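Q: Before anything else, here's the structure in question.
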Amino acid sequence: MSRISLLELQKKVINGERLTREEAIHLAGVDDLLYLGRLANIVKERKTGSDVYFNVNRHINLTNVCVSRCKFCAFSKDKGDPDAYAMTVDDVLTDAVSAVPLGITEVHIVSGLHPDLPFEYYLEVISKLKQTMPEIHIQAFTAVEIWYFAGISGLSVEQVLKRLKDAGLGSMPGGGAEILNDQIRQTVCPKKGSSSDWLETTRIAHKIGIRSNATMLYGHVETMEDRIDHLIALRDLQDETGGFQSFIPLPFHPKNTGLDGLQKPTAFESLKVLALSRLILDNFDHIKAFWIMMGIKVSQLSLLFGVDDLDGTVVEEKITHAAGAETGESISRAELIDLIFEADRIPVERDTLYNVIQVHKAGKEDPSHEA
Ligand code: V47
(Lines give C-alpha, C1' and ligand atoms only; values in the text may rest on other atoms or scores of the structure.)
Protein backbone atom coordinates (compact mmCIF):
# COMPACT_ATOMS: atom_id res chain seq x y z
CA MET A 1 0.00 0.00 0.00
CA SER A 2 2.71 2.45 1.00
CA ARG A 3 4.33 1.96 -2.43
CA ILE A 4 1.54 4.03 -3.96
CA SER A 5 2.41 7.69 -4.19
CA LEU A 6 -0.36 10.26 -3.99
CA LEU A 7 1.46 12.39 -6.51
CA GLU A 8 1.37 9.52 -9.02
CA LEU A 9 -2.36 9.07 -8.42
CA GLN A 10 -2.90 12.78 -8.92
CA LYS A 11 -1.03 12.57 -12.24
CA LYS A 12 -3.16 9.63 -13.32
CA VAL A 13 -6.34 11.55 -12.56
CA ILE A 14 -5.09 14.61 -14.42
CA ASN A 15 -4.13 12.43 -17.42
CA GLY A 16 -7.52 10.68 -17.37
CA GLU A 17 -6.03 7.27 -16.57
CA ARG A 18 -8.03 4.57 -14.80
CA LEU A 19 -7.41 3.91 -11.09
CA THR A 20 -6.83 0.30 -10.00
CA ARG A 21 -8.62 -1.24 -7.00
CA GLU A 22 -5.46 -0.88 -4.91
CA GLU A 23 -5.10 2.77 -5.89
CA ALA A 24 -8.76 3.45 -5.14
CA ILE A 25 -8.35 1.92 -1.67
CA HIS A 26 -5.30 4.09 -1.13
CA LEU A 27 -7.24 7.21 -2.12
CA ALA A 28 -10.08 6.21 0.18
CA GLY A 29 -7.60 6.34 3.06
CA VAL A 30 -6.83 10.01 2.38
CA ASP A 31 -8.40 12.20 5.03
CA ASP A 32 -7.86 15.48 3.20
CA LEU A 33 -11.39 15.84 1.89
CA LEU A 34 -10.70 19.09 0.07
CA TYR A 35 -7.84 17.43 -1.81
CA LEU A 36 -10.11 14.53 -2.89
CA GLY A 37 -12.80 17.04 -3.83
CA ARG A 38 -10.38 19.02 -5.99
CA LEU A 39 -9.28 15.85 -7.79
CA ALA A 40 -12.89 14.77 -8.35
CA ASN A 41 -13.73 18.24 -9.58
CA ILE A 42 -11.03 17.94 -12.26
CA VAL A 43 -12.83 14.86 -13.61
CA LYS A 44 -16.27 16.48 -13.27
CA GLU A 45 -15.22 19.60 -15.15
CA ARG A 46 -13.53 17.56 -17.88
CA LYS A 47 -16.80 15.68 -18.43
CA THR A 48 -19.46 18.34 -17.93
CA GLY A 49 -17.71 21.69 -17.40
CA SER A 50 -19.71 23.92 -15.05
CA ASP A 51 -23.03 22.36 -16.01
CA VAL A 52 -25.23 20.79 -13.35
CA TYR A 53 -28.22 18.78 -14.48
CA PHE A 54 -31.65 18.41 -12.93
CA ASN A 55 -35.07 17.35 -14.13
CA VAL A 56 -38.70 17.95 -13.32
CA ASN A 57 -40.05 14.62 -12.19
CA ARG A 58 -42.52 12.90 -9.89
CA HIS A 59 -41.82 9.79 -7.85
CA ILE A 60 -44.54 7.20 -7.31
CA ASN A 61 -44.31 4.08 -5.13
CA LEU A 62 -46.98 1.63 -6.27
CA THR A 63 -47.00 -0.44 -3.09
CA ASN A 64 -45.12 -0.72 0.19
CA VAL A 65 -46.01 -4.39 0.61
CA CYS A 66 -42.80 -6.32 0.11
CA VAL A 67 -41.74 -9.94 0.47
CA SER A 68 -38.10 -8.91 0.96
CA ARG A 69 -38.39 -6.90 4.20
CA CYS A 70 -34.75 -5.76 4.00
CA LYS A 71 -33.21 -4.74 7.32
CA PHE A 72 -32.32 -1.27 6.03
CA CYS A 73 -35.83 -0.46 4.81
CA ALA A 74 -38.43 1.38 6.88
CA PHE A 75 -40.84 1.74 3.97
CA SER A 76 -41.80 -1.90 3.43
CA LYS A 77 -44.72 -3.62 5.15
CA ASP A 78 -46.24 -7.07 5.32
CA LYS A 79 -49.54 -7.69 3.59
CA GLY A 80 -52.33 -6.98 6.07
CA ASP A 81 -50.32 -4.46 8.14
CA PRO A 82 -52.52 -1.46 9.03
CA ASP A 83 -50.47 0.94 6.90
CA ALA A 84 -49.83 -1.44 3.99
CA TYR A 85 -51.08 -0.11 0.65
CA ALA A 86 -51.20 -0.98 -3.04
CA MET A 87 -52.30 1.62 -5.58
CA THR A 88 -54.86 0.84 -8.24
CA VAL A 89 -53.94 1.70 -11.81
CA ASP A 90 -56.39 4.62 -11.57
CA ASP A 91 -54.65 5.89 -8.40
CA VAL A 92 -51.35 5.87 -10.28
CA LEU A 93 -52.84 7.79 -13.20
CA THR A 94 -54.39 10.36 -10.85
CA ASP A 95 -51.05 11.00 -9.10
CA ALA A 96 -49.13 11.23 -12.36
CA VAL A 97 -51.67 13.50 -14.04
CA SER A 98 -51.76 15.77 -10.98
CA ALA A 99 -48.06 16.53 -11.53
CA VAL A 100 -48.44 17.52 -15.19
CA PRO A 101 -49.09 21.21 -14.36
CA LEU A 102 -45.65 21.26 -12.67
CA GLY A 103 -44.12 20.54 -16.07
CA ILE A 104 -42.85 17.03 -15.29
CA THR A 105 -40.98 15.21 -18.04
CA GLU A 106 -40.53 11.98 -16.05
CA VAL A 107 -42.47 9.65 -13.79
CA HIS A 108 -40.12 7.62 -11.58
CA ILE A 109 -41.53 4.40 -10.10
CA VAL A 110 -39.94 2.17 -7.42
CA SER A 111 -42.02 -0.17 -5.26
CA GLY A 112 -42.09 -3.13 -2.90
CA LEU A 113 -42.14 -6.73 -4.16
CA HIS A 114 -45.84 -7.48 -3.67
CA PRO A 115 -46.73 -11.15 -3.11
CA ASP A 116 -50.02 -11.09 -5.08
CA LEU A 117 -50.02 -8.39 -7.74
CA PRO A 118 -49.55 -10.13 -11.10
CA PHE A 119 -47.09 -8.99 -13.76
CA GLU A 120 -50.09 -7.84 -15.84
CA TYR A 121 -50.73 -5.11 -13.21
CA TYR A 122 -47.29 -3.59 -13.83
CA LEU A 123 -47.76 -3.83 -17.60
CA GLU A 124 -51.09 -2.06 -17.28
CA VAL A 125 -49.57 0.70 -15.12
CA ILE A 126 -46.96 1.39 -17.77
CA SER A 127 -49.25 1.13 -20.80
CA LYS A 128 -51.99 3.31 -19.26
CA LEU A 129 -49.45 5.93 -18.16
CA LYS A 130 -48.00 5.95 -21.66
CA GLN A 131 -51.43 6.23 -23.30
CA THR A 132 -52.45 9.05 -20.95
CA MET A 133 -49.19 11.02 -21.14
CA PRO A 134 -47.24 9.89 -24.22
CA GLU A 135 -44.69 12.70 -23.93
CA ILE A 136 -43.61 11.70 -20.41
CA HIS A 137 -40.68 9.36 -19.91
CA ILE A 138 -41.40 6.46 -17.58
CA GLN A 139 -38.40 5.41 -15.50
CA ALA A 140 -39.63 2.39 -13.59
CA PHE A 141 -38.69 -0.82 -11.78
CA THR A 142 -35.25 -1.52 -10.37
CA ALA A 143 -33.32 -4.58 -11.55
CA VAL A 144 -34.51 -6.32 -8.36
CA GLU A 145 -38.16 -5.73 -9.29
CA ILE A 146 -37.60 -6.89 -12.87
CA TRP A 147 -35.93 -10.06 -11.61
CA TYR A 148 -38.89 -10.60 -9.23
CA PHE A 149 -41.41 -10.10 -12.08
CA ALA A 150 -39.62 -12.86 -14.02
CA GLY A 151 -40.10 -15.15 -11.00
CA ILE A 152 -43.83 -14.41 -10.56
CA SER A 153 -44.69 -14.49 -14.27
CA GLY A 154 -42.68 -17.51 -15.38
CA LEU A 155 -41.17 -15.35 -18.14
CA SER A 156 -37.46 -14.82 -18.65
CA VAL A 157 -35.91 -11.52 -17.56
CA GLU A 158 -35.50 -10.62 -21.22
CA GLN A 159 -39.18 -11.34 -21.98
CA VAL A 160 -40.26 -9.25 -18.97
CA LEU A 161 -38.11 -6.34 -20.10
CA LYS A 162 -39.26 -6.55 -23.71
CA ARG A 163 -42.93 -6.58 -22.72
CA LEU A 164 -42.45 -3.59 -20.42
CA LYS A 165 -40.51 -1.76 -23.12
CA ASP A 166 -43.29 -2.43 -25.64
CA ALA A 167 -45.80 -1.09 -23.10
CA GLY A 168 -43.85 2.19 -22.78
CA LEU A 169 -41.07 1.71 -20.22
CA GLY A 170 -38.32 4.21 -21.03
CA SER A 171 -35.51 3.39 -18.59
CA MET A 172 -34.84 1.85 -15.18
CA PRO A 173 -33.90 3.48 -11.87
CA GLY A 174 -30.72 2.34 -10.15
CA GLY A 175 -32.12 0.96 -6.88
CA GLY A 176 -31.73 -2.51 -5.46
CA ALA A 177 -27.98 -2.63 -5.99
CA GLU A 178 -27.41 -1.93 -2.26
CA ILE A 179 -23.87 -3.36 -1.89
CA LEU A 180 -22.93 -5.87 -4.58
CA ASN A 181 -21.48 -8.40 -2.14
CA ASP A 182 -23.46 -11.53 -1.32
CA GLN A 183 -22.18 -11.85 2.24
CA ILE A 184 -23.44 -8.36 3.01
CA ARG A 185 -26.69 -9.01 1.17
CA GLN A 186 -27.17 -12.09 3.39
CA THR A 187 -26.96 -9.78 6.41
CA VAL A 188 -29.04 -6.81 5.25
CA CYS A 189 -31.32 -8.14 2.50
CA PRO A 190 -31.23 -11.97 2.50
CA LYS A 191 -34.48 -12.38 0.56
CA LYS A 192 -33.48 -10.06 -2.25
CA GLY A 193 -31.85 -11.19 -5.52
CA SER A 194 -28.09 -11.73 -5.38
CA SER A 195 -25.39 -9.40 -6.69
CA SER A 196 -25.16 -11.41 -9.90
CA ASP A 197 -28.97 -11.32 -10.35
CA TRP A 198 -28.80 -7.51 -10.19
CA LEU A 199 -25.85 -7.29 -12.56
CA GLU A 200 -27.25 -9.85 -15.02
CA THR A 201 -30.71 -8.23 -15.12
CA THR A 202 -29.05 -4.87 -15.77
CA ARG A 203 -26.82 -6.41 -18.46
CA ILE A 204 -29.90 -7.78 -20.26
CA ALA A 205 -31.72 -4.43 -19.98
CA HIS A 206 -28.78 -2.61 -21.52
CA LYS A 207 -28.48 -5.25 -24.23
CA ILE A 208 -32.05 -4.61 -25.39
CA GLY A 209 -31.62 -0.84 -25.27
CA ILE A 210 -33.06 0.05 -21.87
CA ARG A 211 -30.70 2.43 -20.11
CA SER A 212 -30.48 2.49 -16.33
CA ASN A 213 -28.89 4.12 -13.31
CA ALA A 214 -26.91 2.49 -10.54
CA THR A 215 -27.06 3.18 -6.80
CA MET A 216 -25.02 2.14 -3.77
CA LEU A 217 -26.49 2.09 -0.28
CA TYR A 218 -23.65 3.00 2.10
CA GLY A 219 -23.25 3.57 5.82
CA HIS A 220 -24.64 0.29 7.21
CA VAL A 221 -22.49 -2.84 7.65
CA GLU A 222 -20.18 -2.49 4.65
CA THR A 223 -16.50 -1.47 4.69
CA MET A 224 -14.76 1.05 2.45
CA GLU A 225 -13.28 -1.87 0.50
CA ASP A 226 -16.78 -3.26 -0.11
CA ARG A 227 -17.79 0.13 -1.52
CA ILE A 228 -14.81 0.15 -3.83
CA ASP A 229 -15.53 -3.39 -5.03
CA HIS A 230 -19.12 -2.28 -5.70
CA LEU A 231 -17.89 0.65 -7.80
CA ILE A 232 -15.49 -1.58 -9.73
CA ALA A 233 -18.26 -4.12 -10.47
CA LEU A 234 -20.32 -1.26 -11.94
CA ARG A 235 -17.34 0.07 -13.87
CA ASP A 236 -16.72 -3.40 -15.36
CA LEU A 237 -20.35 -3.73 -16.45
CA GLN A 238 -20.31 -0.24 -17.93
CA ASP A 239 -17.21 -1.18 -19.96
CA GLU A 240 -19.22 -4.05 -21.35
CA THR A 241 -22.60 -2.39 -22.04
CA GLY A 242 -22.25 1.40 -21.84
CA GLY A 243 -25.88 1.42 -20.65
CA PHE A 244 -25.54 3.23 -17.31
CA GLN A 245 -26.46 6.89 -17.23
CA SER A 246 -25.73 8.03 -13.71
CA PHE A 247 -24.43 6.72 -10.41
CA ILE A 248 -26.24 7.70 -7.21
CA PRO A 249 -24.71 6.89 -3.79
CA LEU A 250 -27.50 6.64 -1.19
CA PRO A 251 -26.57 7.41 2.46
CA PHE A 252 -28.28 4.99 4.82
CA HIS A 253 -31.04 6.49 6.98
CA PRO A 254 -31.38 4.19 10.02
CA LYS A 255 -34.54 5.45 11.79
CA ASN A 256 -37.37 2.88 12.04
CA THR A 257 -35.28 0.23 10.24
CA GLY A 258 -33.91 -3.10 11.45
CA LEU A 259 -30.56 -1.32 11.80
CA ASP A 260 -31.87 1.56 13.92
CA GLY A 261 -29.12 2.71 16.28
CA LEU A 262 -26.49 3.07 13.57
CA GLN A 263 -25.39 6.63 12.85
CA LYS A 264 -26.40 8.22 9.55
CA PRO A 265 -23.27 8.90 7.43
CA THR A 266 -21.77 12.32 8.16
CA ALA A 267 -21.53 15.05 5.53
CA PHE A 268 -17.75 14.42 5.47
CA GLU A 269 -18.28 10.74 4.67
CA SER A 270 -20.90 11.45 2.01
CA LEU A 271 -18.75 14.03 0.23
CA LYS A 272 -15.88 11.56 0.31
CA VAL A 273 -18.04 8.79 -1.20
CA LEU A 274 -19.22 11.15 -3.93
CA ALA A 275 -15.68 12.31 -4.73
CA LEU A 276 -14.32 8.75 -4.79
CA SER A 277 -17.20 7.65 -7.00
CA ARG A 278 -16.36 10.37 -9.50
CA LEU A 279 -12.70 9.32 -9.45
CA ILE A 280 -13.29 5.56 -9.79
CA LEU A 281 -16.22 5.52 -12.24
CA ASP A 282 -14.28 6.98 -15.14
CA ASN A 283 -16.78 5.54 -17.64
CA PHE A 284 -19.92 7.03 -16.04
CA ASP A 285 -20.99 10.38 -17.48
CA HIS A 286 -22.92 11.50 -14.40
CA ILE A 287 -22.66 11.35 -10.61
CA LYS A 288 -25.90 12.32 -8.92
CA ALA A 289 -26.54 13.63 -5.40
CA PHE A 290 -30.12 12.66 -4.59
CA TRP A 291 -30.97 15.77 -2.55
CA ILE A 292 -33.73 13.98 -0.65
CA MET A 293 -31.21 11.61 0.93
CA MET A 294 -28.09 13.83 0.93
CA GLY A 295 -29.86 16.90 2.27
CA ILE A 296 -29.93 20.19 0.41
CA LYS A 297 -26.74 21.69 1.86
CA VAL A 298 -24.55 18.64 1.26
CA SER A 299 -25.99 18.27 -2.25
CA GLN A 300 -25.16 21.88 -3.02
CA LEU A 301 -21.63 21.48 -1.67
CA SER A 302 -21.21 18.22 -3.58
CA LEU A 303 -21.30 20.22 -6.82
CA LEU A 304 -17.69 21.09 -5.99
CA PHE A 305 -16.80 17.46 -5.14
CA GLY A 306 -17.48 15.72 -8.44
CA VAL A 307 -21.28 15.80 -8.65
CA ASP A 308 -23.01 17.09 -11.80
CA ASP A 309 -26.66 16.11 -11.17
CA LEU A 310 -29.19 16.83 -8.41
CA ASP A 311 -32.08 14.57 -9.55
CA GLY A 312 -35.37 16.44 -9.71
CA THR A 313 -38.46 17.93 -8.13
CA VAL A 314 -39.61 14.48 -6.85
CA VAL A 315 -42.95 15.83 -5.42
CA GLU A 316 -43.60 12.87 -3.11
CA GLU A 317 -41.02 10.59 -1.45
CA LYS A 318 -41.82 7.74 0.88
CA ILE A 319 -38.75 5.46 1.17
CA THR A 320 -36.34 7.86 2.89
CA HIS A 321 -39.06 9.70 4.77
CA ALA A 322 -40.17 6.43 6.40
CA ALA A 323 -36.54 6.21 7.62
CA GLY A 324 -36.42 9.68 9.14
CA ALA A 325 -35.30 11.93 6.27
CA GLU A 326 -35.29 15.57 7.34
CA THR A 327 -35.59 17.10 3.87
CA GLY A 328 -38.93 18.02 2.33
CA GLU A 329 -40.47 15.63 -0.20
CA SER A 330 -40.61 18.19 -2.96
CA ILE A 331 -38.57 21.04 -4.33
CA SER A 332 -39.58 23.48 -7.03
CA ARG A 333 -37.84 23.88 -10.33
CA ALA A 334 -37.01 27.47 -9.39
CA GLU A 335 -35.41 26.37 -6.10
CA LEU A 336 -33.26 23.79 -7.87
CA ILE A 337 -32.09 26.45 -10.31
CA ASP A 338 -31.22 28.82 -7.44
CA LEU A 339 -29.32 26.10 -5.55
CA ILE A 340 -27.17 25.46 -8.61
CA PHE A 341 -26.52 29.14 -9.32
CA GLU A 342 -25.57 29.66 -5.66
CA ALA A 343 -22.85 27.00 -6.09
CA ASP A 344 -21.53 29.02 -9.05
CA ARG A 345 -22.62 26.35 -11.53
CA ILE A 346 -24.87 26.47 -14.59
CA PRO A 347 -28.30 24.83 -14.14
CA VAL A 348 -29.18 22.60 -17.09
CA GLU A 349 -32.66 21.21 -17.18
CA ARG A 350 -32.58 17.77 -18.79
CA ASP A 351 -34.94 14.99 -19.68
CA THR A 352 -34.37 11.49 -18.30
CA LEU A 353 -31.94 10.58 -21.08
CA TYR A 354 -29.90 13.76 -20.53
CA ASN A 355 -31.19 15.59 -23.60
CA VAL A 356 -30.95 19.27 -22.72
CA ILE A 357 -34.29 21.02 -22.29
CA GLN A 358 -33.02 24.41 -21.17
CA VAL A 359 -29.71 25.94 -20.11
CA HIS A 360 -30.49 28.58 -17.52
CA LYS A 361 -28.71 31.91 -17.56
CA ALA A 362 -28.63 34.01 -14.38
CA GLY A 363 -31.42 36.59 -14.36
CA LYS A 364 -32.90 35.35 -17.64
CA GLU A 365 -35.56 32.95 -16.47
CA ASP A 366 -38.48 32.26 -18.72
CA PRO A 367 -41.39 33.06 -16.31
CA SER A 368 -43.69 30.60 -18.09
CA HIS A 369 -41.50 27.78 -16.68
CA GLU A 370 -41.51 28.93 -13.07
CA ALA A 371 -42.96 26.41 -10.64
O1 V47 B 1 -32.76 0.21 -3.42
C2 V47 B 1 -34.07 1.87 1.12
C3 V47 B 1 -32.65 2.64 -0.83
C4 V47 B 1 -33.44 2.48 -2.95
C5 V47 B 1 -33.24 3.13 2.66
O6 V47 B 1 -32.17 5.84 -10.30
C7 V47 B 1 -32.63 3.47 1.47
O8 V47 B 1 -32.20 8.00 -10.22
C9 V47 B 1 -31.36 5.06 2.53
O10 V47 B 1 -33.96 3.33 -6.45
N11 V47 B 1 -31.90 4.78 3.72
C12 V47 B 1 -34.60 2.85 -3.84
N13 V47 B 1 -31.70 4.42 1.39
C14 V47 B 1 -34.46 4.27 -4.35
C15 V47 B 1 -33.97 4.32 -5.77
C16 V47 B 1 -33.52 5.62 -6.34
C17 V47 B 1 -33.50 6.77 -5.57
C18 V47 B 1 -33.11 7.96 -6.17
C19 V47 B 1 -32.73 8.02 -7.48
C20 V47 B 1 -32.74 6.85 -8.23
C21 V47 B 1 -32.34 6.89 -9.68
C22 V47 B 1 -33.13 5.64 -7.66
O23 V47 B 1 -33.57 3.20 -1.74
C24 V47 B 1 -33.33 1.07 -2.49
C25 V47 B 1 -32.39 1.21 -1.31
O26 V47 B 1 -31.05 1.14 -1.68
N27 V47 B 1 -33.15 2.66 0.54
N28 V47 B 1 -34.15 2.16 2.43
C29 V47 B 1 -32.85 3.83 3.84
N30 V47 B 1 -33.37 3.52 5.03
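The values are calculated or read from the model by the stated rules, or taken from the named source; none is laboratory data. Computed from a predicted structure; not experimentally measured. Ideal geometry is used to build each Cβ from the backbone, glycine not excepted, and the neighbour counts take in all protein chains shown. The protein model used for the area step is the full one, side chains on, heavy atoms only, and it has no ligands, DNA or RNA in it. Shrake-Rupley method; radii C 1.70, N 1.55, O 1.52, S 1.80 Å.
Q: Could you identify the single residue in V97, V144, V125 that is surrounded by fewer than 21 Cβ atoms within 10 Å (Cβ to Cβ) and either farther than 22 Å from I179 by Cα or among the aliphatic types (A, V, I, L, M) (or both)? Break it down stepwise before answering.
A: Working: V144 fails: surrounded by fewer than 21 Cβ atoms within 10 Å (Cβ to Cβ); V125 fails: surrounded by fewer than 21 Cβ atoms within 10 Å (Cβ to Cβ).
Exactly one residue qualifies, and that residue is V97.
Q: Taking the stretch 206-255, which residues are at positive phi and within 13 Å of the ligand (Cβ to nearest atom)? Spell out how you get there, then give the answer.
A: Pass one, the stretch 206-255, residues at positive phi: 209, 219, 242.
Answer for the stretch 206-255, where residues must be at positive phi and within 13 Å of the ligand (Cβ to nearest atom): just G219.
Q: Keeping to the stretch 295-354, report how many residues are in contact with a Ser or Thr (Cβ under 6 Å, 6 or more places away or on another chain), surrounded by fewer than 21 Cβ atoms within 10 Å (Cβ to Cβ) and not in a loop (DSSP other than H, G, I, E, B).
A: Final tally of qualifying residues: 1.
Q: Which residue, of G193, G174, is closer than 23 Å to N61 by Cα and modelled with pLDDT under 95?
A: Numbers: G174 fails: modelled with pLDDT under 95.
On inspection, the qualifying residue turns out to be G193.
Q: Picking from V65, V43, V89, which residue would you name as being out of contact with any Phe, Trp or Tyr (no Cβ under 9 Å at 6 or more places or on another chain) and away from the ligand (no atom under 12 Å from the Cβ)? Working first, answer last.
A: Numbers: V65 fails: out of contact with any Phe, Trp or Tyr (no Cβ under 9 Å at 6 or more places or on another chain); V89 fails: out of contact with any Phe, Trp or Tyr (no Cβ under 9 Å at 6 or more places or on another chain).
Going through V65, V43, V89 in turn, the sole match is V43.
Q: Just give me the residues in the stretch 5-40 being without any contact (Cβ under 8 Å) to a residue 60 or more places away in the chain and charged (D, E, K, R), in sequence order.
A: E8, K11, K12, E17, E22, E23, D31, D32, R38
Q: Can you tell me which residue in the stretch 1-35 is nearest to the chain's Cα centre (by Cα), limited to those that are among the β-branched types (V, I, T), in a helix (DSSP H, G or I) and surrounded by 13 or more Cβ atoms within 10 Å (Cβ to Cβ)?
A: Initially, the stretch 1-35 is screened for residues among the β-branched types (V, I, T), giving 4, 13-14, 20, 25, 30.
Adding the requirement that they be in a helix (DSSP H, G or I) leaves 13-14, 25.
Checking which are surrounded by 13 or more Cβ atoms within 10 Å (Cβ to Cβ) leaves us with 13, 25.
On the way: V13: 25, I25: 23 Å.
Among those that are among the β-branched types (V, I, T), in a helix (DSSP H, G or I) and surrounded by 13 or more Cβ atoms within 10 Å (Cβ to Cβ), it is I25.
Q: When only residues in the stretch 124-147 that are closer than 18 Å to A214 by Cα and in a helix (DSSP H, G or I) count, which is nearest to the ligand (Cβ to nearest atom)?
A: Going through the qualifying residues, I end up with V144.
Q: Suppose we filter V67, V52, V43, V92 for residues that are part of a helix (DSSP H, G or I) and in contact (Cβ under 8 Å) with a residue 40 or more places away in the chain; which single one remains?
A: Working: V67 fails: part of a helix (DSSP H, G or I); V52 fails: part of a helix (DSSP H, G or I); V92 fails: in contact (Cβ under 8 Å) with a residue 40 or more places away in the chain.
After applying the criteria, what remains is V43.
Q: Going residue by residue through the stretch 72-81, is there one that turns out to be of a type in the set (G, A, S), more than 15 Å from the ligand (Cβ to nearest atom) and crowded, with 22+ Cβ neighbours inside 10 Å?
A: Residues of the stretch 72-81 that are of a type in the set (G, A, S), as a first pass: 74, 76, 80.
Still in the list and also more than 15 Å from the ligand (Cβ to nearest atom): 80.
In the following step, the residues that additionally are crowded, with 22+ Cβ neighbours inside 10 Å were identified as none.
No: the stretch 72-81 contains no residue that is of a type in the set (G, A, S), more than 15 Å from the ligand (Cβ to nearest atom) and crowded, with 22+ Cβ neighbours inside 10 Å.
Q: Please find, within the stretch 167-183, the residue that is nearest to the chain's Cα centre (by Cα) out of those that are within 12 Å of the ligand (Cβ to nearest atom) and over 14 Å from V110 (Cβ atoms). Walk me through how you get there before you give the answer.
A: Step one: list which residues in the stretch 167-183 are within 12 Å of the ligand (Cβ to nearest atom), which gives 171-180.
Filter once more, keeping what is over 14 Å from V110 (Cβ atoms): 179-180.
Values: I179: 13, L180: 15 Å.
For the stretch 167-183, the residue satisfying everything is I179.
Q: State all residues of the stretch 322-336 that are in contact with a helix residue (DSSP H, G or I) (Cβ under 8 Å, 6 or more places away or on another chain) and within 10 Å of the ligand (Cβ to nearest atom); if no residue qualifies, say none.
A: A325, the sole residue that qualifies.
Q: Return yes when D95 is over 24 Å from the mean Cα position of the chain (by Cα) and more than 16 Å from the ligand (Cβ to nearest atom) and no when it is not. I'd like the intermediate steps shown before the answer.
A: Numbers: over 24 Å from the mean Cα position of the chain (by Cα): no; more than 16 Å from the ligand (Cβ to nearest atom): yes.
No: the conditions fail for D95.
Q: If you don't mind, there's one more thing I want to ask. So V160 ticks every box in (1) open to solvent by 30 Å² or more (accessible area, probe 1.4 Å); (2) within 20 Å of N61 (Cα to Cα); (3) away from the ligand (no atom under 15 Å from the Cβ) but one. Which box is left unticked?
A: Against the list (1) open to solvent by 30 Å² or more (accessible area, probe 1.4 Å); (2) within 20 Å of N61 (Cα to Cα); (3) away from the ligand (no atom under 15 Å from the Cβ), V160 comes up short only on (1).
Q: If you take the residues of the stretch 256-273 that are among the hydrophobic types (A, V, I, L, M, F, W, C) and either part of a strand (DSSP E or B) or away from the ligand (no atom under 14 Å from the Cβ) (or both), which of them is most open to solvent (accessible area, probe 1.4 Å)?
A: Going through the qualifying residues, I end up with F268.
Q: Say we look at the stretch 171-207 and pick out the residues that are part of a loop (DSSP other than H, G, I, E, B) and open to solvent by 30 Å² or more (accessible area, probe 1.4 Å); which of these is nearest to I138 (Cα to Cα)? It would help to see each step written out before you state the result.
A: First pass over the stretch 171-207, keeping only residues part of a loop (DSSP other than H, G, I, E, B): 173-181, 189-194.
In the following step, the residues that additionally are open to solvent by 30 Å² or more (accessible area, probe 1.4 Å) were identified as 181, 190-192, 194.
Details: N181: 29, P190: 29, K191: 27, K192: 24, S194: 26 Å.
If we take residues in the stretch 171-207 being part of a loop (DSSP other than H, G, I, E, B) and open to solvent by 30 Å² or more (accessible area, probe 1.4 Å), then K192 is nearest to I138 (Cα to Cα).
Q: Now for a separate question. Using the structure shown, decide if S277 is within 28 Å of H360 (Cβ to Cβ) and within 15 Å of the ligand (Cβ to nearest atom). Don't jump to the end; show me each part of the working.
A: On the way: within 28 Å of H360 (Cβ to Cβ): yes; within 15 Å of the ligand (Cβ to nearest atom): yes.
It is true that S277 is within 28 Å of H360 (Cβ to Cβ) and within 15 Å of the ligand (Cβ to nearest atom).
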